[in-house]
1. In the structure shown, do any of 15/115; 95/115; 25/100 have a Cα-Cα gap over 22 Å, and if so which?
2. Show the residues, 5+ positions off or on another chain, whose built amide H is closer than 5 Å to the amide H of residue 202.
3. For a quick protection proxy, order the peptides 106-112, 19-25 by their average other-Cβ count within 10 Å, most packed first.
4. Working out 0.36 nm times the residue gap between residue 15 and residue 178, then minus their Cα-Cα distance, what length gain in nm do you get to one decimal?
5. Would you grab the residues whose amide H sits under 5 Å from the one on residue 111? Only those 5+ places off in sequence or on another chain, please, with H modelled 1.01 Å from N.
6. When ranked by the protection proxy of mean other Cβ atoms within 10 Å per residue, highest first, what sequence do the peptides 8-16, 135-143, 203-211 form?
Amino acid sequence: MKYEILYSGAFAMLKVNLGSGESVKAESGAMVSMTPNINLRGSVDGGILRGLGRMLSGEKFFFQELTAGGGQGEVLLAPGSVGDIQAIELDGSYKLYVQKDGFLAGTQGIQVNTKMQNLAKGFLSGEGFFIVEISGSGTVFLSSFGAIHAINLAPGEEMVIDNGHLVAWPDYMDYKIEKAASGWISSLTSGEGIVCRFRGEGVVLIQSRNPKGFGSWIKSFLPTGG
């Protein structure tokens, strides 16, 4: 399988070239176009319980499974929101935690599950009690709201990140959720509220825009009651 990320930036799209018999799975509704020899079907992938778990984390119950039959085929995939796409290679040695709506597609060998956070993290993180957990060996394609930026942390190095800007991080990284400022009033009045403190070694992927912040901006232009 070969792939290419087109129009990287705000309006990225993923082109996948599949050999005969090769397949790729993607979030429901991601297909933009495909050659006639591509077989498209809906798949729960892992059974009903995994599907229900994905719904709890904010993902969709079904995947798309696209398989090339009778020769090579081409598929174009795109996320539902404006933003970038990044490919991550997984070798099976660690799992990747991903924000809701962050999974776009994955090659054969990639599993998409859910991870239950502890009570405090689930309540405060804004992501809920379940987050997306991606494992296995292969290539996973992540989508973001805005551009994707990688923060590389050396061993013991820390970085505080607004939880609305998180995209993905490896499961071996230590992180905790805390107030943005020293007190709750300052945290709330600063517009930040809750943040995540990550401790290296590892790479955290963040997005340049916050979906909730964008929603508030749009809301400010909508007419109110009357």
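1. Among 15/115; 95/115; 25/100, the Cα-Cα distance tops 22 Å for 15/115.
2. For residue 202, the qualifying residues are 153.
3. Details: 106-112: 19.7, 19-25: 16.7.
So the peptides 106-112, 19-25, ranked by packing, come out 106-112, 19-25.
4. Working: separation 163, 0.36 × 163 = 58.68 nm, distance 3.93 nm.
In short, 54.7 nm is gained.
5. Amide H neighbours of residue 111, under 5 Å, 5+ apart: 135, 136.
6. In descending order of packing, they fall as 135-143, 203-211, 8-16.
Read-outs throughout are calculated quantities, based only on the coordinates presented, and are distinct from any laboratory measurement. This one's a predicted model, so the numbers in the text were calculated from it and none came from an experiment. No Cβ is skipped: glycine too gets one built from the backbone with ideal geometry, and neighbour counts run over all protein chains shown.
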